[in-house]
Amino acid sequence: MGRTLEDKKQIVAELKESLSESTLALVIDYKGLTVAEITDLRRKLRPSGASCKVTKNTLMNIAIQEDEKWQPMSELLKDSSAFLLVKEDFSSAIKAYQEFQKATKKTELRGGVMDGQLLKEADVKALGDLPSKEQLMAQIAGALNALATKIAVGINEVPSSLARALQAHADKEKGGEAES
């Protein structure tokens, strides 16, 4: 039995809500995947905050019509499509998909959309090569810690070098008095 108009409206509303929370949407051709494999993909994406939606292209097209941010996705809507909707950590989500793709060799990435820009497969791969949010935070924390250490050493050197200069001056004064 086909879906009713109310069911379709509800699906479109859910897609719009998911898209509004997402920063990146990837479109993949999932032809040949079993239900178990799609479930596995969803499980792998979950830790990165991404979700996998399988829906008809016409329903996704209706969901993106009024939103300029997602309209470039219409170029990717053909054949059987699954949509990976990424909320925050796109690097981890892309890496999770790439691992899944290597394991199954059944999916093909058509492209993606981010901030109203259509991304080709090479662009998505470049995004996946970026460090994860946690790695970037660790790098920033390390840089700040190194800077704080250098400042502390520099501040600590001021009194020491002042003391050495005063001592040298005092020694010079004593040496001058001894000669006289």
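Each value in this text was obtained by applying a stated rule to the coordinates, not by laboratory testing. Quick caveat, the model's predicted, so the values are computed rather than measured. Reconstructed Cβ throughout: ideal geometry from the backbone, glycine too, with neighbour counts over all protein chains shown.
Normalised by the number of residues in region 5-130, what is the relative contact order in percent for Cα pairs under 8 Å and 6+ residues apart?
37
Tell me the mean residue ellipticity at 222 nm calculated for the chain from its helices only (DSSP H runs of n ≥ 4, each -39500 (n - 2.57), averaged over every residue, nearest 500).
Rounded to the nearest 500, the figure is -19500 deg cm²/dmol.
Please work out the C-alpha center-to-center distance from region 49-75 to region 122-139 and express it in whole Å.
Each part reduced to its Cα centre gives a spacing of 24 Å.
Between [x] 16.8; [y] 11.4; [z] 21.8, which entry matches mean projected area of the Cα convex hull in nm² as derived from the coordinates of this structure?
[x]
Evaluate E = 1/(1 + (r/R0)^6) for Leu144 and Glu88, where r is the Cβ-Cβ distance and R0 equals 22 Å; express this FRET efficiency to the nearest 0.05.
My answer for the efficiency is 0.50.
Of Lys69/Lys105; Lys9/Lys69; Lys105/Lys125, which ones are farther than 28 Å apart at the Cα?
Working: Lys69/Lys105 30 Å; Lys9/Lys69 21 Å; Lys105/Lys125 16 Å.
The answer is Lys69/Lys105.
Quick check for you: which residues of region 76-96 have the amide N under 15 Å from the point 7 Å beyond the Cα of Lys120 toward its beta carbon?
76
Could you give the length gained by full extension between Lys8 and Glu99, i.e. 0.36 nm per residue of separation minus their alpha carbon distance, to one decimal place?
So the chain would gain 29.5 nm between Lys8 and Glu99.
Sorted from fewest to most neighbouring beta carbons within 10 Å, what does the list Thr4, Thr55 look like? Could you put the intermediate results ahead of the total?
Working: Thr4 9, Thr55 16.
Fewest-to-most ranking of Thr4, Thr55: Thr4, Thr55.
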